[in-house]
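One structure below.
Every read-out reported here was derived from the displayed coordinates using simple, explicitly stated rules and does not represent laboratory data. What you are looking at is a predicted structure, and each value in this text was computed from that prediction instead of being measured. FYI the Cβ positions are ideal-geometry reconstructions off the backbone, even for glycines, and counts take in every protein chain you see.
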Amino acid sequence: MTQITLDAVSASKLAGVQESVQLCDPNGRVLGRFVPLIDLSKWEPITPDSTDDELDQSEQSNEWYTTDEVLAHLKRLENP
C-alpha cells in the first residue's frame, strides 16, 4: 500500500474524526474517503442470550440442515 504523509494541519483535522469522511481537493473534487481506525478493545461482541430451555431443545432436535441446504434457502429468500 502506498503511504502519503500529511502536513500537521491535515493530520490534526483527521485525528479527531470518528466516522468516515470524504477527502476533497481545494476545488471540491472528491479524492477519496478516510475511514478512521477503531480501537475494538473497548467493545465486546453482542450475542443474543439463549435460555437453558432453548439450548436443550436445540440439542435434542433431529432437524439439521447442511450448509448447501441453508445457502439454497437463503438464495430463495433473496428472490421470492
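Annotations
- Whole-Hz ³J(HN,Hα) from phi, Karplus 6.51 cos²θ - 1.76 cosθ + 1.60, for region 64-79, glycine and proline x: 10, 10, 7, 4, 4, 5, 5, 5, 5, 4, 4, 5, 5, 5, 5, 10
- Between Ser61 and Asp25, the contour length at 0.36 nm per residue exceeds the Cα-Cα span by 7.0 nm.
- A DSSP coil position with no more than 13 other Cβ atoms inside 10 Å describes the following trypsin sites (Lys or Arg not before Pro) in region 15-80: Arg29.
- Averaging the sequence gap over all C-alpha pairs within less than 8 Å and six or more residues apart, then dividing by the number of residues, gives the chain a relative contact order of 14 percent.
- Two-site FRET efficiency, Ile46 against Leu71, from Cβ-Cβ distance with R₀ of 25 Å, rounded to 0.05: 0.50
- Entry for P(r) over Cα pairs in 5 Å bins from 0, in percent (calculated from the structure that is shown) out of (1) 3, 16, 29, 28, 15, 6, 2, 1, 0; (2) 3, 14, 24, 27, 22, 9, 2, 0; (3) 3, 9, 10, 12, 10, 8, 9, 10, 9, 9, 7, 4, 1, 0: (3)
- Computed E for Asn79/Thr2 - FRET, C-beta separation, R0 35 angstrom, nearest 0.05: 0.30
- Loop-located GluC sites (Glu not before Pro) in region 39-75, at most 14 other Cβ atoms within 10 Å (DSSP): Glu63
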